[in-house]
Number of protein chains: 2
Amino acid sequence: MDFFFYPASVAVFGSFKRGAIAYEILRNIVEGGFKGEIIPVNPKGGEVEVGGKKLKIAEKLEKNVDVAIIAIPAKLVPSLIEEIGDKIKGAVVISAGFSEIGNVELERELVEKAREKGVRIIGPNCAGIFGVHADFFGSFEVRVKKGGLALISQSGAFGGAALAMGNEEGIGFSAFVSYGNAADLTESDFLRYFADDENTKVIALYIEGVKDGKKFVEALRYATAKKPVIVLKAGKSKSGSKAAQSHTGSLAGSYEIYKGVFAQFGAIEVEEMEELFDAAKTFEMYESGGGRIAIITNSGGPGVLATDKAEKLGLEIARLEDKTTEDLKSFLPPQCSIKNPIDLIADADYERYKKAIEVVCRDRNVDALLVICVPPIFIPSEEIAKAIIDAECNKPIIVNFMAGELVREGVRVLNAHGIKNFPTPERAAKALYWLSLRRAFKERSIRY
Amino acid sequence: MDFFFYPASVAVFGSFKRGAIAYEILRNIVEGGFKGEIIPVNPKGGEVEVGGKKLKIAEKLEKNVDVAIIAIPAKLVPSLIEEIGDKIKGAVVISAGFSEIGNVELERELVEKAREKGVRIIGPNCAGIFGVHADFFGSFEVRVKKGGLALISQSGAFGGAALAMGNEEGIGFSAFVSYGNAADLTESDFLRYFADDENTKVIALYIEGVKDGKKFVEALRYATAKKPVIVLKAGKSKSGSKAAQSHTGSLAGSYEIYKGVFAQFGAIEVEEMEELFDAAKTFEMYESGGGRIAIITNSGGPGVLATDKAEKLGLEIARLEDKTTEDLKSFLPPQCSIKNPIDLIADADYERYKKAIEVVCRDRNVDALLVICVPPIFIPSEEIAKAIIDAECNKPIIVNFMAGELVREGVRVLNAHGIKNFPTPERAAKALYWLSLRRAFKERSIRY
């Protein structure tokens, strides 16, 4: 499927009036800096100005291209595929009006034509795809930063919102695919593909239901053996399952079965949209982490909140080695708490944070660290950010800088070094929990 | 306690060097636009320039003032109280170094001197107070917008972070109090006071432990009879409880007992810091709401996620009256789903949202509405924001506009009309849940 996510050339079919779907996709491809050939196609021909460039609109596709992105009326799509099938490897069918509104026959015809020509189909009724490391933004959705997350979404609107919100959360993406009705390629195919994609560090999946349970289980098993897979399953409740059925047409099925499959085959199941981002942020940074954690904070309250959440999630507040306690005592002021959670108190500066992180990191009872900072007025948050960056530590460090505008600069410094911030102690604790789930799954897999 | 939160005059004691605590508090009071008299006091006298103004530093307090804010070394505080006790009604003691580090005797002495003079004490070892509607920012923490939330925090750092994060969440505050060691006034006193404060619509409480359980229960009962009270209890877990003990010195006690008290006396207990903000946002807008909800969305996926969460929380996805379904059918395109969750599909505009909200709001089976919008590229989010604002509806409407930068303008329009945005479907569903908890408590109270 490289031709979809790392294409050398692309043709876009549809209307190129400003605001039309095909125009917006073309604009995204051009403005996104795609290096390959870009061919807008419309029988009326003419020209389109987009991203400061004038492109000639071809009346027909004359050349071979890797991908066709199609946003023309549904009933015309099968014959277009027949017409251009020999010139393309894959087609992304944005057009709606297929099985989702009962036109099952039209969708069957589309797949048939594609199979005849050996063309793979994404969609129909989808929001398109991004191959971010190829600067290929083949969708009208908001463009995103390069990074490690491949987002596979059954719902186009969910996917679009997730991309925009991911941008705000500082997430980097390797790819995005909205697969709509999944007439040909399904979530299982994408799972397998991204499992092998070297730019993808973590895969996130939004699904309401899957088409082929057996195929999905096999793909999930394949993918989780290689990298973390996060799943947000919608349609879990009785009413939610009914709503999903009317939304994507697919039977959501018994949630209990999905839940069991996710757990058995090592998917990290998240319950909420926000958790999907947090888990993605976590796994963009670290592949896994053990469950014995140390909390380092400069303020008691947030340290207690992190401790509560961590323990509720089944993490262990590590019992520090005597050597660690002694080392901490040797340089920390007497008012500090040298028991885990370790409270460096309000005037903790660069040196105190850096040293504490390094000492705690060497403790053999500690698998991972949670570092909290509520900047007091007299210590800028970027100083603490630098301490975290400079500290020598080979274990996962999850950071919680709190207080909106007060930590903006510190968070910027962290982000510039690939460290993502979790805005509350509880969300940071959850990050460590997901790392531990992944670790436990890997250990279980090795044992078998 | 009006003299604390609506003072006519204030004296600040401490060092007025730039960066010193007393200087920062003075700066906040001056820059915050406090209209009453402001007297900086330091035995060395001199002048201080702050917020573009030059203030004379009094060597001694000569005049009567409502409040003294004290940030001098701990050991000097009791004698200062003795000296100025006749001239002040209350003192906010910022200074640390009392019972929290074992100086129990010094704290006892402070309280004794205050009692002799009839002075009420907040603190010591606290971050100060805000009386936002009096433009009185008697703390070094970030200033906030006027609004309905009174935040009572045992942890100063938690409070400070919460103020800054509240600003980002669009929360308006009536007051803030960090009460530190609670040597004199405690959480129970503040609960009672804000229950009667007319600018306070909702009270939020961060506690690790309470000093006097019986007094707390009575104060809670008093306050919840008048307005919603949100509680975030830290120190719930075994390790968290131990950490709380070393942090605030107070025994966190058995969490099960707290939990029972919160439930019985109608406090809205939240589990995470983020939920505290969300619940505060909710109750700034609405006092309560019934549990039969209708979800209106322009995209299926997020509607399903909201439905899942709502049902998980025990809310009822309302069964719409036949009249409602017919009315919806009369103006919605056939592809829309007219069952709850109601899907207006991607091209839903101002008219479609406004009409749908009004029709659904009239349904006698519906207590409250959840309105979701993921703006497609061709409809600006502010148009949907206006539809929500203009719709005639006398039931609670909770809004979830999703997609970061794409909805920024819409969220701004909503905020300008006092409508707060919940960034994910699940967080919006929780808001409706909290409203229903409050409603259930009130109905239970009436029955008794």
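The values are calculated or read from the model by the stated rules, or taken from the named source; none is laboratory data. Only a predicted model underlies this, so the values are computations on that prediction, with no experimental measurement involved. A quick note on method: Cβ atoms are made from the backbone with ideal geometry, for glycine too, and the neighbour counts reach across all protein chains shown.
Observations, loosely collected:
- With respect to being over 30 Å from residue A:102 (Cβ atoms) and among the basic types (Lys, Arg), residue B:354 falls outside the description.
- Any hit, region B:338-358, residues being at the interface with chain A (Cβ under 10 Å from one of its Cβ atoms) and of a type in the set (Gly, Ala, Ser): yes
- Residue within region A:388-400 that is in a helix (DSSP H, G or I), in contact with a helix residue (DSSP H, G or I) (Cβ under 9 Å, 6 or more places away or on another chain) and surrounded by fewer than 24 Cβ atoms within 10 Å (Cβ to Cβ) present: yes
- Within region A:336-362, the set of residues being surrounded by 22 or more Cβ atoms within 10 Å (Cβ to Cβ) and part of a loop (DSSP other than H, G, I, E, B) comprises A:340, A:341, A:344, A:348.
Listed here are the residues, each with its yes/no results for (1) surrounded by fewer than 23 Cβ atoms within 10 Å (Cβ to Cβ); (2) of a type in the set (Ser, Thr, Tyr); (3) not assigned by TED's automatic domain parsing to the domain that holds residue B:114.
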{"site": "B:208", "(1), (2), (3)": "no, no, yes"}
{"site": "B:213", "(1), (2), (3)": "yes, no, yes"}
{"site": "B:221", "(1), (2), (3)": "yes, no, yes"}
{"site": "B:228", "(1), (2), (3)": "no, no, yes"}
{"site": "B:241", "(1), (2), (3)": "yes, yes, yes"}
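- Residues considered: A:193, A:222. Of these, the only one that is part of a helix (DSSP H, G or I), out of contact with any Gly (no Cβ under 9 Å at 6 or more places or on another chain) and under 17 Å from residue A:269 (Cα atoms) is A:222.
- Filtered by the rule that a residue be more than 11 Å from chain A (Cβ to nearest Cβ), assigned to a loop (DSSP other than H, G, I, E, B) and surrounded by fewer than 21 Cβ atoms within 10 Å (Cβ to Cβ), region B:266-285 gives a lone residue, B:266.
- Filtered residue count, region B:412-443, keeping only those that are buried (at least 16 other Cβ atoms within 10 Å of the Cβ) and either touching a helix residue (DSSP H, G or I) at 6+ places or on another chain (Cβ under 8 Å) or within 14 Å of chain A (Cβ to nearest Cβ) (or both): 21
- Selection from region B:393-411 of residues that are of a type outside the set (D, E, K, R) and more than 7 Å from chain A (Cβ to nearest Cβ): B:393, B:394, B:396, B:397, B:398, B:399, B:400, B:401, B:407, B:410, B:411
- Taking the criterion of being within 23 Å of residue B:64 (Cβ to Cβ) and either acidic (Asp, Glu) or away from every other protein chain (no Cβ under 13 Å) (or both), the only residue of region B:138-169 that qualifies is B:138.
- Residue match in region A:11-21 (condition: touching a strand residue (DSSP E or B) at 6+ places or on another chain (Cβ under 8 Å), at pLDDT below 95 and not assigned by TED's automatic domain parsing to the domain that holds residue A:186): yes
- Qualifying position, being outside any helix (DSSP H, G or I), at pLDDT below 95 and not small (Gly, Ala, Ser), among B:199, B:125: B:125
- Test: residue in region A:89-97 that is out of contact with any helix residue (DSSP H, G or I) (no Cβ under 9 Å at 6 or more places or on another chain) and either surrounded by fewer than 20 Cβ atoms within 10 Å (Cβ to Cβ) or free of Cβ contacts under 8 Å to residues at least 24 places away in the same chain (or both): no
- If you filter region B:367-390 down to residues that are in contact (Cβ under 8 Å) with a residue 60 or more places away in the chain, more than 14 Å from chain A (Cβ to nearest Cβ) and not small (Gly, Ala, Ser), you find that the one that is farthest from residue B:407 (Cα to Cα) is B:367.
- Flag for residue A:307 being in contact with a Gly (Cβ under 8 Å, 6 or more places away or on another chain) and of a type in the set (Ser, Thr, Tyr): yes
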